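So the structure is just underneath, and the comments pick up after that.
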Amino acid sequence: MNFPKDVALDAMSVQLLQLLEGYDPAAARLMAAEAERQATTLELIASENHVSMQVMHAAGSWLTNKYAEGYPGKRYYGGCEFHDGIEDLARERAKQLFGCRFANVQPHSGANANTATFMAMCEPGDTILSLPIKSGGHLSHGLKVNFSGTFYKIAEYDLDATTELLDYDAIATVARACKPKMIICGYSAYSRVIDFARFRAIADEVGAFLMADIAHIAGLVAAGVHPSPFPHAHVVTTTTHKTLRGPRGGLILTNDEEIAKKIDRKVFPGTQGGPLMHIIGAKAIAFGEALKPEFTVYCQQVVKNASALAAGLVKRGYRLCSGGTDNHLMLVDLRARDANLTGANAEKWLETAGIIVNKNGIPNDPRPPVATSGLRLGTPALTTRGLKEADMELVANWIDRVLGSSGDAATVTAVRAEVRAFCLKFPLFH
Ligand SMILES: *Cc1c(COP(=O)(O)O)cnc(C)c1O
């Protein structure tokens with residue numbers, strides 16, 4: 001395997017690539033290239049992270065071989081003895097992590113967790129109140145082309161146009177007018193603290209359920225770095241692969257026994273068949289990691305790094321939507337730095353320089369989603385690699401050199417070399 005000598009790989013990954021080398025060279029080449037890409041680039045996509053080697057290899061284990069439709073003790077297939085144990089371990093740890101009474105660890109993804117939750121809480125045609133995707137919401141919260149927007153009547157609340165913050169009085173006004181069956185809070189691109197108690201008060205006033213989708217902030221919530229949606233939300237959904245730093249997957253939580261029963265029925269058989277037991281095994285291990293004190297320190301550092309990166313960008317002339325960040329992410333308005341700069345160009349130039357980001361619409365963005373005026377940046381992955389506040393100044397500087405040069409080839413090439421050398425000092429696993 002001609003894997004670059006300067007890139008450190010863990011022993012099991014080396015074995016895997018060697019195993020594949022003669023067996024399936026096409027797949028081996030692509031997997032080795034991706035391992036090298038991750039090791040030599042700066043990952044600033046706010047929804048991504050690097051799992052531990054234990055979680056990563058558990059996700060590729062014997063557990064993938066089993067059908068385990070149903071739930072522990074109530075399976076539709078024989079041979080589930082140890083799968084019951086694995087799923088119970090994941091459920092118990094999830095409950096402990098979030099301080100709640102019921103957990104369903106089977107959703108294949110965050111969107112699947114939301115699908116099952118919609119089906120458990122609402123009838124088709126019911127009104128659901130949510131923040132639209134263009135303002136930082138998620139497509140599974142009611143986008144027209146999505147399941148959610150197809151089968152439910154979606155009412156929208158929006159951010160305050162000036163402050164770009166949630167305006168709870170305005171949300172209450174919309175809720176009184178549309179009388180929703182369920183209100184959704186929790187977002188994909190909101191950099192501020194969510195007041196779950198305030199949302200619950202609005203829900204109670206209009207007789208709605210409150211659903212909190214903490215896909216982005218789940219790790220911060222588990223670590224106590226962001227307020228918990230419990231006891232306020234009737235139901236909480238999340239992914240397990242963002243700040244929570246587990247395998248790619250979903251999770252649904254509640255304190256209400258009746259809701260828990262409905263959720264279980266709507267996950268299986270309502271929306272899914274057999275659970276991904278290898279992923280549930282990896283979830284159990286990741287939840288175990290998140291219960292350790294080190295994870296709290298990690299999440300605190302994620303937030304400190306986001307603040308430092310935000311300060312570094314503001315110093316260089318960028319504007320942050322809502323004026324800053326309280327969590328792991330920030331939404332950068334590029335127009336303040338350069339009126340002609342689009343998110344699409346910024347994403348492309350930065351990728352060439354080894355800095356991985358995603359373009360993102362900003363509130364009331366005049367540009368279409370294929371261009372956008374913004375970037376969404378997050379620090380969960382860089383913090384996992386061990387970067388600290390002082391390193392964020394370097395990252396802000398690299399970003400600004402690339403964008404300030406409008407993607408000038410010589411500048412991008414120079415930054416790429418510096419980024420690669422820097423990344424090699426921070427192996428993916430340590
Ligand atoms: C990422 C995200 C999801 C969906 O997660 P997938 O695993 O990609 O389906 C759902 N809700 C919010 C708010 C998200 O940010």
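The values are calculated or read from the model by the stated rules, or taken from the named source; none is laboratory data. Predicted model only: the values in this text are computed from it and were never measured. With ideal geometry, Cβ positions are generated from the backbone for all residues, glycine too; neighbour counts draw on all protein chains shown.
For the range 204-216, the tally of residues that are among the small types (Gly, Ala, Ser), assigned to a loop (DSSP other than H, G, I, E, B) and within 16 Å of the ligand (Cβ to nearest atom) stands at 1. Every test in (1) buried (at least 19 other Cβ atoms within 10 Å of the Cβ); (2) out of contact with any Pro (no Cβ under 9 Å at 6 or more places or on another chain); (3) assigned to a helix (DSSP H, G or I); (4) among the aliphatic types (A, V, I, L, M) is passed by Val332 save one, and that test is (3). For Val221, indicate whether it is within 16 Å of the ligand (Cβ to nearest atom), in contact (Cβ under 8 Å) with a residue 40 or more places away in the chain, touching a strand residue (DSSP E or B) at 6+ places or on another chain (Cβ under 6 Å) and of a type outside the set (Lys, Arg). Criteria not met by Val221.
Scanning the range 271-313 for residues that are over 30 Å from Trp398 (Cα atoms) and touching a His at 6+ places or on another chain (Cβ under 7 Å) yields a count of 3.
Residue-wise test of (1) buried (at least 22 other Cβ atoms within 10 Å of the Cβ); (2) more than 16 Å from the ligand (Cβ to nearest atom); (3) assigned to a loop (DSSP other than H, G, I, E, B).
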| position | (1), (2), (3) |
| --- | --- |
| Lys134 | no, no, no |
| Gly137 | yes, no, yes |
| Gly149 | no, no, no |
| Ile154 | no, no, no |
| Thr173 | no, yes, no |
| Arg176 | no, yes, no |
| Pro180 | yes, yes, yes |
| Ala189 | yes, no, yes |
| Ile202 | yes, yes, no |
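The residues on offer are Arg37, Arg75, Arg93, Arg101, and the sole one that is basic (Lys, Arg), away from the ligand (no atom under 16 Å from the Cβ), at pLDDT 95 or above and within 30 Å of Tyr157 (Cβ to Cβ) is Arg101.
Let's see how each residue does on (1) in a helix (DSSP H, G or I); (2) surrounded by fewer than 17 Cβ atoms within 10 Å (Cβ to Cβ):
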{"position": "Asn305", "(1), (2)": "yes, no"}
{"position": "Thr325", "(1), (2)": "no, no"}
{"position": "Lys348", "(1), (2)": "yes, yes"}
{"position": "Asn364", "(1), (2)": "no, yes"}
